[in-house]
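The values are calculated or read from the model by the stated rules, or taken from the named source; none is laboratory data. Computed from a prediction, not measured in an experiment: that's the story for all the values here. Here Cβ is always computed from backbone atoms with ideal geometry, including for glycine, and neighbour counts include all displayed protein chains.
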Amino acid sequence: MAINSSANTYQKVQAFAPATMANMGIGFDIMGLAFQSLGDIVEVARHDEADVVIVDIAGDGGKLPRDAHKNTATVAIMAYLKEIGCTDGFAVTIKKGLPLGSGLGSSAASAVAGVVAVNALLGSPLRKEDLLPACMEGEALVSGYHADNIAPCLLGGLLLVDGITPDCVLRLPIYNGIHFALVTPNISVLTSEARSVLPQSISLKTMIKQTAGIARFMDALHRGDWSALARAMEADEVIEPARAHLMPYLYELRQHAKAHGALGLVISGAGPTLCAICASDDVAEKVAIAMSDFYRTNGLEAMSFATQIDTEGARVISAE
Ligand code: HSE
């Protein structure tokens, strides 16, 4: 598809894309949700040259690539421009709200915010769900081809994602009343490292247990039974045991969070962020503070916050 971008109205658009949690514990590479409040902002502006350049990146401590061919946001933007047949040039500014290598979908958020911004700037030639493949190209640079962060980041909510095209995304029901407490210790875990420690095969017995865990997750979700949901999320016997050594104090924090009222705790994505499932905002606030205090007592700096599911996903926050 070729478009006439000069017919469109905007010169500069900013988009926000939320933090996400992949896996939900039991659903490795096939489930994810978006969190309220935290996220990345990407601004895309027209410029005179026919290429995509990065003007500035804030909030990454200088760690992310400034080369547009190596950054998730600009690679995703270039994939989008190629898809729609647009050869215009764009200047991109990235404001990182999410810590890198944290298990909160940081690379996905930059890719999604970039594509949502440039699509809006060009007059939205593609529907939101059709932005998924271009966003995926950015995320694939650092995480490979699985859309369990990209899809909820783009579309919001709690999603089942069993492929990388829009038809592979199923929106799961969400009932009010599920809250989360997140804690991110001040260490970074590369997704590539967290994937390299995973087993390449599992026994039939383990496969049956994992399948049962997913079935219990779906049942609990449809009944709005958050205790059963948390138990199902924790039932993973494949991924968590293989990654536990990369997550400081995982098992101790699970006990600590539960002692403060949490229903369960899982690794968020590839970690090291840990996510406690809670039945109220009050409990989530208390658990978040208790978890970061626990890390500090044990010599690790950590940030924590209480949040809920973001049902909207990435959105334009300014256009001029
Ligand atoms: N499902 C992915 C993983 C998420 O756990 O490795 C991180 O990209």
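So that you can scan it fast, the table gives a plain yes or no per residue for (1) surrounded by fewer than 16 Cβ atoms within 10 Å (Cβ to Cβ); (2) without any contact (Cβ under 8 Å) to a residue 24 or more places away in the chain:
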residue: 267; (1), (2): no, no
residue: 270; (1), (2): no, no
residue: 297; (1), (2): yes, yes
residue: 301; (1), (2): yes, no
residue: 313; (1), (2): no, no
residue: 316; (1), (2): no, no
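Scan segment 168-220 residue by residue and report those that are within 30 Å of residue 295 (Cβ to Cβ), among the hydrophobic types (A, V, I, L, M, F, W, C) and part of a helix (DSSP H, G or I). Within segment 168-220, 194, 217, 220 meet the criteria.
Contact map, segment 48-73: first residue more than 15 Å from residue 114 (Cβ to Cβ), second residue at pLDDT below 95 and surrounded by fewer than 11 Cβ atoms within 10 Å (Cβ to Cβ), Cβ cut-off under 7 Å, separation 6 or more or different chains; pairs are 50/87.
Whether any residue in segment 276-285 is farther than 15 Å from residue 20 by Cα, without any contact (Cβ under 8 Å) to a residue 60 or more places away in the chain and of a type in the set (Gly, Ala, Ser) is what I want to check.
Scanning segment 276-285 turns up no residue that is farther than 15 Å from residue 20 by Cα, without any contact (Cβ under 8 Å) to a residue 60 or more places away in the chain and of a type in the set (Gly, Ala, Ser).
Applying the selection to segment 238-258, what residues are surrounded by 16 or more Cβ atoms within 10 Å (Cβ to Cβ) and among the acidic types (Asp, Glu)? Of everything in segment 238-258, just one residue is surrounded by 16 or more Cβ atoms within 10 Å (Cβ to Cβ) and among the acidic types (Asp, Glu), namely 240. Among the residues of segment 235-275, those that are of a type in the set (Gly, Ala, Ser), touching a strand residue (DSSP E or B) at 6+ places or on another chain (Cβ under 9 Å) and closer than 22 Å to residue 212 by Cβ comprise 244, 264.
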